[in-house]
Amino acid sequence: MAGATPPCILIVDDRRENLLATQALLRPLGAEIITADSGEKALTLVLKSEFAIVLLDVQMPVMDGFETAQLMKTRPSMANVPIIFITAISKEDHFATRAAQIGAVDYIFKPINPDILKSKVSVYLDLYRQREQILQLNASLRQSNEELERFAYVCSHDMQEPVRMMNAYASVLTEFAGDELSEDSKRYLGYIHDNAVRMQKMIRDILSFSRVGREEVTLEVVNCREIFDEVVHELHDTIARKQAVVTSDGLPILKTSPTLMRVLLQNLVGNALKFQDGSHPPEVSVTAKREAHVWRFEVADNGIGIDPALSNRLFTIFQRLHREDDYPGTGIGLSTCRKFVRLCGGDMSFTSRPGEGSVFTFTLPDGD
């Protein structure tokens, strides 16, 4: 990236002429080159600087290249730094095997082919630069996401009161002046009330989304069947009105976040009941099965299904697949669910066939 600090190459050799020759060969690659004429000096340098690659002579007095490399690799900052051994006399296979065991990426014999060495070092420098760019971009993206979530939290928190007051005053006006209002005025007040309710729902959803990852997740022993029963009880009116059948099987007791389990079941069961075309009563099943070290939950329905072409939008915040008039909602629920699940060490996905229903799957660690 423009303006970035150039990568550093460490060259270790006890012969000064070799250091100068290798330094001259690699200088056009645009890296900073640091040299050391002993293993001891090289170890001192890795304590002070970060290196993209190390060229290490095998035959050195006091501390040879193998011992130097082993001690280098004990430093966390050097764990993934590629080391290329260079030797004039240690050409037996067991030396190359030892180098590989230490973690060397190459073992080159002298006299060195300058084009080959330059090409190999260039490749590792490019990999280092690409990794640094990715780290910088990730850090920038993480900061942007944190700022956006803080902004969403502050804005949605501060918006709650004025929207609540808007809804309250519209209700007061309807109650005390309803007889004096024209039909058009009553209709307009109804619009105010309905949109204030929608805004309150969106604010609550934004707050929920922004809180995920900002607040510490509390893990405790959770009876998933009990939470399922509570969610079904909360949805009783909808279930009765639509003559729906909502069942469960195998829901476990596990150590997880009770808030997460409630959010997941509220959203997934609620969506399964909502996204129906009315041609038949909804059927929703919630099941769980233990696999290896995770629990796999499935929420299946016989609803309208999801077009596979729209699958990449399903878990994106504010993305809606249907018109608000057809299926009310904010487009935040599923994105909150997957974000929360991943924070707790699981993941979320779905399969669907339009007109036949959908199956949403989420996994959670078993907590053992």
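The values are calculated or read from the model by the stated rules, or taken from the named source; none is laboratory data. All values derive from a computational prediction rather than experimental measurement. Because the Cβ atoms are built from the backbone with ideal geometry, glycine has one as well, and the counts that use them run over all protein chains shown.
Taking the numbered list (1) more than 17 Å from LEU117 (Cα to Cα); (2) without any contact (Cβ under 8 Å) to a residue 24 or more places away in the chain in turn, MET63 passes all entries but (2).
Applying a threshold of 6 Å to beta carbon distances and a minimum spacing of six or more residues, or different chains, the list of pairs starting in the stretch 271-285 at a residue that is on the phi > 0 side of the Ramachandran plot and ending at one that is surrounded by 20 or more Cβ atoms within 10 Å (Cβ to Cβ) is empty.
From GLU50, GLU40, grab the single residue that is touching a residue at least 40 places away in the same chain (Cβ under 8 Å) and either among the acidic types (Asp, Glu) or not assigned by TED's automatic domain parsing to the domain that holds LEU19 (or both).
On the way: GLU40 fails: touching a residue at least 40 places away in the same chain (Cβ under 8 Å).
Being touching a residue at least 40 places away in the same chain (Cβ under 8 Å) and either among the acidic types (Asp, Glu) or not assigned by TED's automatic domain parsing to the domain that holds LEU19 (or both) holds for just one of GLU50, GLU40, which is GLU50.
The rows are residues; the columns are (1) touching a Pro at 6+ places or on another chain (Cβ under 9 Å); (2) loosely packed, with under 15 Cβ neighbours inside 10 Å; (3) not in a strand (DSSP E or B).
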| residue | (1), (2), (3) |
| --- | --- |
| PRO6 | no, yes, yes |
| ALA24 | no, yes, yes |
| ILE34 | no, no, no |
| GLU40 | no, yes, yes |
| VAL46 | no, no, yes |
| PRO61 | no, yes, yes |
| LEU71 | no, no, yes |
| ILE89 | no, yes, yes |
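With respect to being in the same structural domain as PHE360 (by TED's automatic domain parsing), of a type in the set (S, T, N, Q), closer than 25 Å to MET199 by Cβ and at pLDDT 90 or above, THR238 fits the description.
When the stretch 62-109 is filtered for residues that are of a type in the set (Ser, Thr, Tyr) and touching a Phe, Trp or Tyr at 6+ places or on another chain (Cβ under 7 Å), the ones remaining, listed by number, are THR87, TYR107. The single condition from (1) closer than 21 Å to ASN18 by Cβ; (2) at pLDDT 90 or above; (3) part of a helix (DSSP H, G or I) that PHE95 fails is (2).
Sort out which residues of the stretch 270-323 are at pLDDT 90 or above, outside any strand (DSSP E or B) and surrounded by fewer than 13 Cβ atoms within 10 Å (Cβ to Cβ), and write them in order of number. SER279, HIS280, PRO281 - these are the residues of the stretch 270-323 that are at pLDDT 90 or above, outside any strand (DSSP E or B) and surrounded by fewer than 13 Cβ atoms within 10 Å (Cβ to Cβ).
Filtering the stretch 82-136 to residues that are touching a residue at least 12 places away in the same chain (Cβ under 8 Å) and charged (D, E, K, R) leaves LYS91, ARG98, ASP106, LYS110, LYS118, LYS120, ARG129, GLU132.
Listed by first and then second residue, the pairs with beta-carbon distance under 9 Å, at least 6 apart or on different chains, first residue in the stretch 231-256 and under 10 Å from VAL269 (Cβ atoms), second acidic (Asp, Glu) and surrounded by fewer than 15 Cβ atoms within 10 Å (Cβ to Cβ), are SER248/ASP229.
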